[in-house]
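Here's the structure we're looking at; comments come further down.
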Amino acid sequence: MSSPDLSPYYFDLLAQFLRKESGIILKPETSYSVRFKLQPLARGWGFEGLNDLVEHIHRRRHNPEVVAALLNALTIKETSFFRDTKPFDVLRQRILPDLAAQRGTPDLKLWSAACSTGQEAVTLAILLQQVLPREHADRSVVVGTDVSEEALSRARKAVYSKLEVERGLSPELLRRFFEPVAGGYRASPALRRLIRYQSLNLVDTDFPMSQFDVVMCRNVLIYFDDKGKRGALDNIYRRMASDGYLFTGAGEDPQRLDSRFLRVLVDGLQCFRKAPG
Ligand SMILES: C[S@@+](CC[C@H](N)C(=O)[O-])C[C@H]1O[C@@H](n2cnc3c(N)ncnc32)[C@H](O)[C@@H]1O
């Protein structure tokens, strides 16, 4: 009988698999939390130990359901409404009004890449409602994408617990943009109409998407190695409008990895644009 624990050999096998599928790096020092996150999957699939689970995953590595279950288990989905505040102030006060004024038809396309359970996409939809005249907000779109089907399924329901809405939403925003439902609060139909969710792996080489005016890709590149980061950044670059903006998380620097991005400061906040030429 194999050990119930995860041996270094199987940890490495798992790490290689995850890196290939998602770009995510499993560092050896995270092995305790990896074990913890894999336990429910092992139990659910009837395996006594984690080595057996990883052996199974490895043997069935071409099966989309196996891949999806692993990504659901191991991705970190931490998020909140108006996370870090400042990017959303800058979008509301400067970037969205400027973009709308520059466009002949001011309907905007915003992308929350790695949207987790949707709080970032909902926040962007709130900004569209606050900034644009109604007819333009209604013709604009927020696309939320993530590699975790579990996160997307929650995002599509748009129902958030009391604790989740208290993280980032003022009572005024809650009243205006959410309705009380069983289990918490649901984003209003006006917000939900603006958002489309779709499954998307940022390190996949190709996916059909349009040109975005604003891309938020925050708190995800940190989990990738440089190769994964470069792949994701290339995907983003090709889907950004020529005068679009990219927001990353603090400490994530696209310009270091891809010189086609130019670091700019807008009201003191760092974001990235396409370099001229
Ligand atoms: C920490 S959350 C960040 C959520 C949100 N962007 C924020 O900053 O609040 C990271 C998200 O990245 C997603 N993710 C990880 N690897 C991914 C990949 N290769 N492609 C797309 N999404 C990925 C995870 O499923 C998770 O929902």
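Measuring nothing but how far apart in sequence close Cα pairs (under 8 Å, 6+ apart) lie, relative to its length, the range 176-260 scores a relative contact order of 29 percent. Within the chain, no helix built from a complete DSSP H run reaches 27 Å or longer along its own axis (Cα positions) while carrying a mean Kyte-Doolittle hydropathy of 1.6 or higher. Averaging over all projection directions, the Cα-based convex hull of the range 1-135 occupies 11.0 nm² in the image plane.
So if the hydrodynamic radius of the chain is defined as the Kirkwood radius over C-alpha pairs, what does Stokes-Einstein give as its diffusion coefficient at 10 °C and 1.306 mPa s, in µm² per second? Present the calculation step by step, with values, prior to reporting the outcome.
Values: Rh = 19.9 Å.
The Stokes-Einstein estimate is 80 µm²/s.
What is the chain's relative contact order, in percent, from Cα pairs under 8 angstrom and six or more apart in sequence? Please list the in-between numbers first.
Details: 430 pairs, mean separation 47.7, N = 277.
Value for the chain: 17 percent.
Using all C-alpha to C-alpha distances in the range 86-143, build P(r) with 10 Å bins and read off the rounded percent in each one. The distribution over the range 86-143 is 24, 59, 16, 1, given as percents.
Rounded to the nearest 5, the antiparallel percentage of DSSP beta bridges internal to the chain is 45%. Taken over the chain, lysine pairs spaced eight or more positions apart, or on distinct chains, with alpha carbons under 15 Å apart number 4.
The ranking of Met240, Met209 from fewest to most other beta carbons within 10 Å of each one's beta carbon is Met209, Met240.
Which of Leu257, Leu124, Leu96 comes first, and how do the rest follow, when ranked by fewest Cβ neighbours within 10 Å? Show your work: numbers first, answer last.
Details: Leu257 16, Leu124 28, Leu96 25.
Lowest count first: Leu257, Leu96, Leu124.
Mean sequence separation of contacting Cα pairs (under 8 Å, at least six apart), scaled by the length of the range 1-77, corresponds to a relative contact order of 40 percent. Counting beta carbons within 10 Å around each of Glu65, Glu48 and listing the fewest first gives the order Glu65, Glu48.
For the range 8-74, what mean projected area does the convex hull of the alpha carbons give, in nm²? Don't jump to the answer; show the numbers that get you there.
Working: hull surface 15.8 nm².
Result: a mean projected hull area of 3.9 nm².
Compactness of the range 103-182 is given as radius of gyration and Dmax, 13.4, 43 Å, from Cα positions. Its residues counted as N, the range 128-255 yields a C-alpha radius of gyration over 2.2 N^0.38 Å of 1.17. Put the Cα centre of the range 114-187 next to the Cα centre of the range 47-110 and the gap is 14 Å.
Just so you know, all these numbers are worked out from the coordinates, no wet-lab data involved. The model shown is predicted, which means the values in this text are computed figures rather than measured ones. Heads up, the Cβs are rebuilt from the backbone with ideal geometry, glycines too, and the neighbour counts pull from every protein chain shown.
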